[in-house]
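These notes concern the structure reproduced below.
The values are calculated or read from the model by the stated rules, or taken from the named source; none is laboratory data. For clarity, every value in this text was computed on a predicted model and none was experimentally measured. Just so you know, the surface numbers come from the protein's heavy atoms only, side chains and all, with ligands and any DNA or RNA stripped out. Shrake-Rupley method; radii C 1.70, N 1.55, O 1.52, S 1.80 Å.
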Amino acid sequence: MTLLDCLKTLTFEEMTLRHSTVMAAAEGTNEWIWTYQEYQDWENQQSGILWIQGKPGSGKSVLAKTIYAKLARESPDLVCSWFYSRQFGQKTITHDSLLRAFLQQMLSCEPKLFGHYEDVYRNLPPEGWSAGAMKAVLVGIANSGKKMICIIDAMDESASGEGKWSRYDILNFLEQLAFQSPTSCAKIIVLSRPIDEDQYFQDESCYRIILQDSNRSDIIRVIEIGVESIHHVLYSPKGTHPDAKGSAFHSQMLVRKKRQLGRAKAVMRQFSATVADLGAKEAQVLQEIKDYVLTNAHGVILWASTVMDEMLKLAGSPTFSLSCCARRLSRCPKA
């Protein structure tokens, strides 16, 4: 009955399933969190809870993955994560899975913690780890002075009342883990859509962030990346871009006008003026896209990204025109 045997009893196939499917943050996004006052206040506590609430599409899971990646890489504390998900079945919504994932990750990162597991593990019943046994081990580690950071995504997708214990039960346990003992060194981040239980934590050490009110800089960055890509398509010598297919409008116009106008100097001056006019119109349309998406995103970064992808595909189409771009924008569903 070794440490490795113990780890095997805690490991399960779905443990990192949802985490692995969450895309990485776009370059330059999510940087605001590190200097956000509520995050810094939480970070400076010995123990505590940070509740990050966001409406659908506001970037909660991507933010959770960003926070986990940075802390796991740079923090000297134990860092573990669990991503609830209804997409992958019962195992990824149960609270037993959260406890097993935390215990498995902590022991994998810090084998010296085996002493906290050993007595319970050696007396496991045939059915394996119970919720009570797993909670006892986690509390023991937290109260031993070992600093831990637990990141939980999509609490709204967790089991609410079905099964052995409810969402209220896990929230109650997290509160106890962070606040019940003065020696606790457990810091917890919970990310969730609005749920009935999101007012559960009332302790003054619980900090809150409303994501759609805080992610404006991320939406601006997503729009900037999209506009840069569209501009590349429009002005690419070959009219191609890795994210779009077809020839760019601007390049086609250059070729067409050259064939029509020939080489006469007087005609070329006229051609240059035409190209400059086209460039000015394209710049105006790009600015209109930026303004429209920023105004209508309402904190939903997924909507902003989807609209920019649609505009990029449109710009790469052989039938692209400034007027069709404006029409497509006006038909986009609102966030």
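Dividing the mean sequence gap of close Cα pairs (under 8 Å, 6+ apart) by how many residues segment 5-98 holds gives a relative contact order of 34 percent. Compute log10 of I(q)/I(0) for segment 13-158 with the Debye formula, placing one identical point scatterer on every Cα and leaving out solvent, at q = 0.08, 0.09, 0.19 Å⁻¹, to two decimals. Values returned for q = 0.08, 0.09, 0.19 Å⁻¹ are -0.24, -0.30, -1.30. Here is the size of segment 1-91 from its Cα atoms: Rg then Dmax, 15.5, 47 Å.
Within the accessible area of segment 1-99, the carbon and sulfur atoms contribute 50%, probe 1.4 Å, all protein chains present.
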